[in-house]
Amino acid sequence: MVEIVVENLFFKYPEAENYVLKNINLIIKEGESIAILGENGAGKTTLAKNLNGLLKPTQGSVKIDGVDTRNLSVAKIARKIGFVCHNPDHQFFAETVEEEIRFGLRNFGFPENEAERSIREVLKTFGLEDYRFRNPFQLSGGEKKRLAIASIMVWNPELLILDEPTIGMDYAQRLNIQRVLKKLVSEGRSIVVITHDVDFAASLCERAIILSKGEVIGDGCLRKLLSDSEVIEKASLKKPFLIELEEELGFSIMEEDFDEICDFLTRVFPKCHS
Amino acid sequence: MSFLRAFKYKRKDSLMHRLDPRSKFLLSIILMSFSVVFLNAYILLAILIFQIVLLGLSKTLREWVYSLRGLIFFFAIIFITQMLFSGSLFTGFVLSLRLIVLSSSMSWFFLSSTPEDIGRAMSAARIPMELTFSFIMAIRFIPVIYDEFQSIYDAQRSRGLELEKGGFRTKIRNLMPILIPLLVGTIRRTYEIADAMEVRAFGASPKRTSYKPLKFRRGDYFLCLASAILALIIVYLKLFLGLE
Ligand SMILES: Nc1ncnc2c1ncn2[C@@H]1O[C@H](COP(=O)(O)OP(=O)(O)OP(=O)(O)O)[C@@H](O)[C@H]1O
Ligand SMILES: [Mg+2]
């Protein structure tokens, strides 16, 4: 169980003049699935790094289970809050995929047999079993991305923050990630996804936090926010396909059927998607 | 690593940025000579003040202060060794001052000249194009590599890496998860840049044209004059007054 409370957060990079985040107030509770959306340079990555203590607020505070991040080490936070950075090349160093995944477990002092079990499980989840002894540097872009997510998910953090997880992934893998993350949420874990892929966000997340120029311009029910044309324009987004479809049809589609319909439509009209 | 920031060029416009890199280089070499030749606190302080004025004129005081923070580690070493071997705090102070003056001369030059300008100056000095280009690329990539280092460090910290932990050997071993991605990334980028340059016909003709040729202005003659006077001052103080 983890709860993050962000109060009056202002942030600017040390040598920069302008604030990148301005007066952010948020509460992230357990079991939430949140999408952070916003234009390029809106401050999404910066906000994520403030949530896991990589960056400390210039003003205001970020509290994790009541403790200010200024008083916590990044490693300590990381045990609870996993952060998958957007560029996998920034984290690979081991000789094999397996070793790469084991790194976090080692840092957190997991016992050997438990580590072994978790590794096997996560390799399976991401379809990387056959790559176990391959060199991470030689994987394809999408495979690297999966490995990066796997190497964080393996220690089962209570909240998982993913920075642009679907970039460069083929459609099947995108669905797979969606499925894996959904399962996490159903198990009571929380996820925060930073993405430009509104369809991915719409079929995964209940809540959206919309950033524009460092300010939160919308926070709440994702479907409601993404039906608001003004918000969409301000944050350089597009309406999710399903919401558009609903507007065309004039009635709302049951949430449970989202994936199926999406899946069906993309199969029938592969070119029409997005 | 933060002292590398001193070499980061930010597009700024000031009196100094508009001057010819050759005259700025000359002046910064002369200023540097002061710190090599003298160990006199008054002289070094005077030069430091002069440098601060120069940095102020190029609107780069902020970056300079930031770069000094990166030298704190070296100051600490200087002070500790001086305390141990000569028992004098004053020597530690003077040696630190020397280090500041030395590094500030270079940072002023790099903070107030574009890498392109430096490249043009090198070409004007008939240094081969390949060499000039490699040099410029190296300068340009210091900040890029610094940013990359920061991103990698962040990624590994998010996976529970703690550099502060453990003894000396653990610390060295813990550096690997940072150094390997940095090295791999840098090597890979080198190849990418080489390809990107080749597809744009780098090296196709032996002489590259420049669309903004270097030109000496009034300010440049002034800097050269100042350099000459300063050089004379060095000679005078050293040879005639015998100052150390
Ligand atoms: N290390 C840094 N130093 C200084 N400024 C930075 C740094 N990193 C980011 N910025 C600036 O902060 C702002 C927000 O950047 P951030 O990376 O958080 O945006 P983002 O919303 O993640 O964008 P994108 O969708 O492109 O990933 C940008 O204007 C960027 O230029
Ligand atoms: Mg980003």
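Per the Kirkwood treatment, what hydrodynamic radius in Å, one decimal, follows for chain A from the mean inverse distance over all distinct Cα pairs? Display every interim value, and only then the final one.
Working: mean 1/r = 0.0513 Å⁻¹.
Here the Kirkwood hydrodynamic radius works out to 19.5 Å.
Under a crude label model (7 Å from the Cα following the beta-carbon direction), how far is A:Ser140 from B:Val36 in nanometres?
Calculated label separation equals 5.6 nm.
Total Å² of accessible surface buried at the A-B contact, 1.4 Å probe, nearest 100? Working shown, then result.
Values: alone 13560 and 15290 Å², together 26730 Å².
Buried area (both sides, nearest 100 Å²): 2100 Å².
Taking amide H positions as placed 1.01 Å from N in the peptide plane, with prolines and chain starts having none, which residues 5 or more places from A:Leu211, or on another chain, fall under 5 Å of its amide H?
Amide H neighbours of A:Leu211, under 5 Å, 5+ apart: A:Leu37, A:Gly38, A:Ile217.
Find the accessible area per residue for region A:4-236; the probe is 1.4 Å, ligands and nucleic acids are left out, and the unit is Å². It would help to have the intermediate numbers written out before the result.
Values: 9560 Å² over 233 residues.
Here the per-residue accessible area is 41 Å².
Using label points projected 7 Å from each Cα along Cα→Cβ, tell me how many nm separate B:Leu179 and A:Ser229, to one decimal.
For the pair B:Leu179/A:Ser229, the computed spacing is 5.9 nm.
I'd like the Karplus ³J(HN,Hα) series for region A:91-100: coefficients 6.51, -1.76, 1.60, θ = phi - 60°, whole numbers in Hz, and an x wherever there's a Gly or Pro.
For region A:91-100, the Karplus curve yields 10, 7, 8, 7, 7, 10, 4, 4, 4, 4 Hz.
On a C-alpha basis, how far is the centre of region A:80-107 from the centre of region B:57-75 in Å? Whole number, if you could?
34
Work out how far the C-alpha atoms of region B:114-202 reach from end to end along every principal axis, then list the three figures in whole Å, largest first.
52, 27, 20
Take the Cα atoms of the protein assembly as shown, build their convex hull, and give its volume per residue in Å³. All intermediate terms of the calculation are to be shown ahead of the outcome.
Numbers: hull volume 103.3 nm³, N = 518.
Roughly 199 Å³ of hull volume per residue.
If you roll a 1.4 Å probe over the heavy atoms of the protein chains, what accessible area per residue do you get for chain B, in Å²? Intermediate results must be reported in sequence, preceding the final value.
Working: 14190 Å² over 244 residues.
Per residue, chain B has an accessible area of 58 Å².
Note down the nm distance, to one decimal, between modelled labels 7 Å out along Cα→Cβ at A:Ser186 and at A:Val268.
2.5
Using θ = phi - 60° and the Karplus form 6.51 cos²θ - 1.76 cosθ + 1.60, what ³J(HN,Hα) does each residue of region A:210-221 get, whole Hz, x for Gly and Pro?
Ordered by residue, 3J(HN,Hα) equals 10, 9, 8, 6, x, 10, 7, 9, x, 8, x, 4 Hz.
At a 1.4 Å probe, which residues in region B:132-153 are at least 30 Å² less accessible with all protein chains present than in their chain isolated?
Buried on complex formation: B:Ser151.
Once amide H atoms are built 1.01 Å from N in the peptide plane, which residues 5 or more positions from A:Val192, or in another chain, come under 5 Å H to H?
Amide H neighbours of A:Val192, under 5 Å, 5+ apart: A:Ile34, A:Leu160, A:Ile161, A:Leu162.
Go through A:51-60, A:110-119 and give me the packing order, highest mean Cβ count within 10 Å leading. The partial results should precede the final answer.
Values: A:51-60: 19.6, A:110-119: 13.9.
Sorting A:51-60, A:110-119 by mean packing, highest first, produces A:51-60, A:110-119.
Could you tell me what percent of the accessible area of chain A is made up of carbon and sulfur, with a 1.4 Å probe and every protein chain present?
Working: 6230 of 12540 Å².
The computed percentage sits at 50.
Need the full-extension length gain, A:Lys238 to A:Arg179, defined as separation in residues times 0.36 nm minus the C-alpha distance. One decimal, nm. Intermediate values should be presented prior to the final figure.
Details: separation 59, 0.36 × 59 = 21.24 nm, distance 2.28 nm.
Additional length available on full extension: 19.0 nm.
Express in nm, to one decimal, how much length is gained between A:Arg106 and A:Asn156 on full extension, taking 0.36 nm for each residue of separation and deducting their alpha carbon distance.
On the way: separation 50, 0.36 × 50 = 18.00 nm, distance 1.36 nm.
So the chain would gain 16.6 nm between A:Arg106 and A:Asn156.
What ³J(HN,Hα) values, in whole Hz, does the Karplus curve 6.51 cos²θ - 1.76 cosθ + 1.60 give for region A:48-57 when θ = phi - 60°, with x put for Gly and Pro?
In residue order, the calculated couplings are 4, 5, 6, 6, 10, x, 5, 10, 10, x Hz.
Does chain B classify as rounded, prolate or oblate by the C-alpha gyration tensor (a ≥ b ≥ c root eigenvalues; a/c under 1.5 gives rounded; else a/b over b/c gives prolate, otherwise oblate)?
oblate
At 0.36 nm per residue, minus the direct Cα-Cα distance, what do B:Cys224 and B:Arg189 gain on full extension? Give it in nm, one decimal, please.
Working: separation 35, 0.36 × 35 = 12.60 nm, distance 3.92 nm.
Length difference between fully extended and current span is 8.7 nm.
The values are calculated or read from the model by the stated rules, or taken from the named source; none is laboratory data. This is a predicted model, so every value here is computed, not measured. In this analysis, Cβ positions are derived from the backbone assuming ideal geometry, glycine residues included, and neighbour counts consider all displayed protein chains. Note: accessible area is taken over every heavy atom of the protein model, side chains too, but ligands, DNA and RNA are not part of it. Shrake-Rupley method; radii C 1.70, N 1.55, O 1.52, S 1.80 Å.
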